[in-house]
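Each remark here refers to the structure printed beneath this line.
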Amino acid sequence: MGTEGMDEASNMKVVLKHYISGSAQETDMNLTAGTIKLKAPLGSNALVVKNLFLSCDPDMIFKMTGHKREHCDPYTLGSPLTGYGVAKVLDSAHPDFAMDDLVWGITGWEEYSLISDTKNLIKIKNTDVPLSYYTGILGMPGLTAYVGFYELCAPKKGDYVFVSAACGAVGQLLGQFAKLHGCHVVGSAGSPDQVNLLKNKFGFNEAFNYKQEPDYNATLKRYCPEGIDIYFDNVGGKMLDAVLLNLRPHACIVMCGKTSQYHLEHPEGIQNLPSTVTKEARIRGYLAVNYYHLYPKFLEIILTLIKESKVVYVEDISDGLETAQKALVGIINGLNIGKQVVAVNCL
Ligand SMILES: NC(=O)c1ccc[n+]([C@@H]2O[C@H](COP(=O)([O-])OP(=O)(O)OC[C@H]3O[C@@H](n4cnc5c(N)ncnc54)[C@H](OP(=O)(O)O)[C@@H]3O)[C@@H](O)[C@H]2O)c1
């Protein structure tokens, strides 16, 4: 429905009912009706936007636990979930944004949002690519893969690279960067279809289904017989522990995320850290939000790579806000193939 000339609109939103313990379920959230004023308050520097695409990100599950950790605040019960998204500006009280601008950044899981914190909101200028890409390859996950690989790993041609959650938004791009750099790349993912995608679409040298592997140490010895120079860790937990037993000298572990741990009240411990001493290995964590100054350079590089078909990207788009709960829970249950996105409204 058009909103021109309207002061207020009905606004469906996905709200958190209660904090989760254990795995997230669709029923932990509700789709509720509300209303929103379509004018940004004068002098507020805020924007009113129409949300177009919402990103399903693993750290949203952590925010549903109600625990507070470092930079990650829990969701507020009864309020719409928040996360990365692509939106169109309907009204702006901010000098840098105008009506009809397209933006990506943090927004609400609802049809329309009032965005007061515009600090990391980025205007979309290139629209000859699918707009949904700004939730993934052209957005925060893309920048995460770029920074993790090119800024932090010091990769060399011929390096043995292992990536976990390799079919996800970050993993699929990281693996392709590593291949373009001349590395030998192995990935893990949670289904035969994803393993097939890794080998036959993203060009990984090898891939395996971690859900069918009872002993990760033995699996890594089989798939990475030379050992691992670079581990790009998206999952933490038992996989990280097994990688520590398979490092090559001077290896680098980039700590990007810990998806296997987000829902746990007490994260699993890591037993094999002493290997980093004997292998003189480096462990490096980072937050992509602290590298936004590299975004323009990254965007130029990645748009060229997409246009030259040197990187490919797979996303799983779920249609309609009413599918959002299922889509979000699906990333933990391995239901998605590629980056999970929710299309809220079409332009
Ligand atoms: N450091 C940073 O600044 C930064 C920025 C962005 C993202 N991250 C982190 O990077 C990681 C990857 O992000 P992403 O955007 O690529 O995520 P994503 O595309 O949403 O990928 C999530 C995937 O994780 C896998 N997964 C779910 N539960 C798992 C488990 N118990 N064990 C192993 N894999 C599991 C699922 O794939 P399967 O079907 O293969 O299980 C799922 O598709 C996340 O941990 C995220 O929080 C960090």
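Values quoted throughout were computed directly from the atomic coordinates according to the rules given, and no laboratory measurement underlies them. Computed from a predicted structure; not experimentally measured. All Cβ positions, glycine included, derive from the backbone under ideal geometry; neighbour counts span all protein chains shown.
Please identify every one of the trypsin sites (Lys or Arg not before Pro) in the stretch 98-193 that sits in a loop by DSSP and has no more than 11 other beta carbons within 10 Å of its own beta carbon.
Here the trypsin sites (Lys or Arg not before Pro) that fit, given the DSSP loop and packing criteria, are Lys119, Lys125, Lys156, Lys157.
Taking H placed 1.01 Å from N in the peptide plane, check which residues at least 5 places from Asp91 or on another chain put their amide H under 5 Å from its amide H.
Val48
In deg cm²/dmol and to the nearest 500, what is the mean residue ellipticity at 222 nm of the chain if only DSSP H runs of at least 4 residues count, each as -39500 (n - 2.57), divided by the residue total?
One gets -6000 deg cm²/dmol as the mean residue ellipticity at 222 nm.
Under a point-charge model restricted to the Cβ atoms of Lys and Arg (+1) and Asp and Glu (-1), what is the dipole moment magnitude of the stretch 70-214 relative to its Cα centre, in debye to the nearest 20?
680 debye
How would you rank Lys211, Lys63, going from fewest to most other Cβ atoms within 10 Å of each one's own Cβ?
Lys211, Lys63
Among all the lysines, which ones have a C-alpha under 26 Å from Lys157's C-alpha, if same-chain residues fewer than 8 places away are not counted?
Of all the lysines, those that pass the test against Lys157 - Cα under 26 Å, at least 8 places apart if same chain - are Lys179, Lys199, Lys201, Lys221, Lys279, Lys297, Lys307, Lys310.
Based on the mean of other beta carbon atoms within 10 Å per residue, what is the order of 96-109, 21-34, 230-243, most packed first?
Peptide ranking by packing, descending: 230-243, 96-109, 21-34.
Hey, can you grab everything whose amide H is under 5 Å from the amide H of Ile253? Only 5+ residues off in sequence or another chain; H modelled, so Pro and N-termini drop out.
Tyr231, Arg282, Ile283, Arg284
Tell me which lysines have Cα within less than 23 Å of Lys17's Cα, excluding those fewer than 8 residues away on the same chain?
Lys63, Lys68, Lys326
Tell me whether the stretch 1-152 comes out rounded, prolate or oblate; compute the Cα gyration tensor, take square roots of the eigenvalues as a ≥ b ≥ c, and use a/c under 1.5 as the rounded threshold.
Note, shape of the stretch 1-152 comes out oblate.
Taking R0 as 45 Å, what's the FRET efficiency between Leu180 and Gln25 from their Cβ-Cβ distance, rounded to 0.05?
Calculated value: 0.70.
With r as the distance between the Cβ atoms of Lys211 and Ala33 and R0 = 51 Å, compute the FRET efficiency 1/(1 + (r/R0)^6) and round to 0.05.
Efficiency, rounded to the nearest 0.05: 0.85.
Using a/c under 1.5 as the rounded threshold, could you call the chain rounded, prolate or oblate? The axes a ≥ b ≥ c are square roots of the C-alpha gyration tensor eigenvalues, and prolate needs a/b larger than b/c, oblate otherwise.
It comes out prolate by the Cα gyration axes.
Between beta-carbons, use under 13 Å as the cut-off and find the net charge around Asp233, counting Lys and Arg +1, Asp and Glu -1.
So the environment of Asp233 carries a net charge of +3.
Between Ile283 and Lys156, what is the FRET efficiency for a Förster distance of 22 Å, r being their Cβ-Cβ separation, to the nearest 0.05?
Given R0 = 22 Å and the Cβ-Cβ separation, E is 0.75.
How big is the Rg/Rh ratio for the stretch 200-297, C-alpha atoms only, Rh by Kirkwood, two decimals?
Computed over Cα atoms, the ratio is 0.99.
Magnitude of the Cβ-charge dipole of the chain, K/R +1 and D/E -1, about the Cα centre, nearest 20 debye?
I would put it at about 840 debye.
Determine ³J(HN,Hα), in whole Hz, for all residues of the stretch 123-134 in sequence, where each value follows from phi through the Karplus function 6.51 cos²θ - 1.76 cosθ + 1.60 and θ = phi - 60°; x replaces Gly and Pro.
6, 8, 9, 8, 10, 8, 10, x, 4, 4, 4, 6
Out of the DSSP beta bridges found with both residues in the chain, what percent are antiparallel (nearest 5)?
60 percent
Is the stretch 140-289 rounded, prolate or oblate when judged by the Cα gyration tensor, a ≥ b ≥ c being the square roots of its eigenvalues, rounded requiring a/c under 1.5 and prolate requiring a/b larger than b/c?
It is rounded, given that a/c, with a ≥ b ≥ c, falls under 1.5.
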